[in-house]
Amino acid sequence: MSTHGQPPPSHTRGRLIWVGSLLVLALLLRGFVVQPHHIVSGSMMPTLAVRDRLVVDKLSYRLHPPRAGDIVVFEPPPELVRSGDLSGHSSIKRVIALPGQEVRVHDGQVFVDGTPLQEPYVAEAPAYEWGPARVPEDRLFVLGDNRNGSSDSHVWGVLPMRAVTGRAWLRFWPPARMGAL
């Protein structure tokens with residue numbers, strides 16, 4: 001300690017470097033590995049509720065493309081924001097079909113390549129008809145788990161893969177619903 005009760009300059013500089021390093025690490029983690037996300041609508045009910053808080057894995061899709069069944073977080077493409085179908089905030093939906101697959105919603109059932117999906121996470125069957133249509137290259141067909149209360153691919157079309165920012169990985173709030181997704 002110096003004579004005035006202050007730590008010597010070398011200690012202060014060391015602390016500043018340590019705090020700065022932690023800040024840089026946190027920014028790198030958030031930018032490239034994980035990020036928090038909160039649910040603001042009921043479009044993914046009952047899987048995700050309004051005010052649930054999640055950790056989004058941003059690294060997986062740098063290693064492999066999204067898979068059917070993944071819950072993806074994405075930035076709405078500009079054409080959807082302009083049309084008013086989605087706000088400028090990130091959204092979350094489930095991947096139903098991948099490029100090249102054919103999707104159809106008929107008689108309350110979702111079909112991919114003619115096979116009905118088994119969807120235990122959906123509380124209510126879709127009350128609409130859609131398709132059939134083939135998912136173009138570099139696009140995904142995504143639906144909210146709340147089939148009748150979600151603005152998703154059945155409303156605004158297929159999602160460009162470039163818009164996907166990550167995969168919903170872990171719910172950390174509320175504690176009673178904490179766990180992997």
A133-D113 pseudo-label distance in nm [points 7 Å out on the Cα-to-Cβ vector]: 2.1
Scaled radius of gyration (Cα, divided by 2.2 N^0.38 Å) that region 34-180 gives: 0.99
Computed magnitude of the charge dipole of region 34-180 (debye, nearest 20; Cβ of K, R +1, Cβ of D, E -1): 560
Net charge of Cβ neighbours under 15 Å - reference G114; Lys, Arg +1; Asp, Glu -1: -1
Most to least packed among 121-128, 35-42, 91-98, 154-161 [average Cβ atoms within 10 Å]: 91-98, 154-161, 35-42, 121-128
Rg to Rh, two decimals, where region 106-181 supplies the alpha carbon set and Rh follows Kirkwood: 1.00
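Since every read-out is calculated from the coordinates, none of them should be taken as a lab result. Note that the structure is a prediction, hence the values are computed from the model and not measured. Virtual Cβ from ideal backbone geometry, glycine too; neighbours counted across all protein chains shown.
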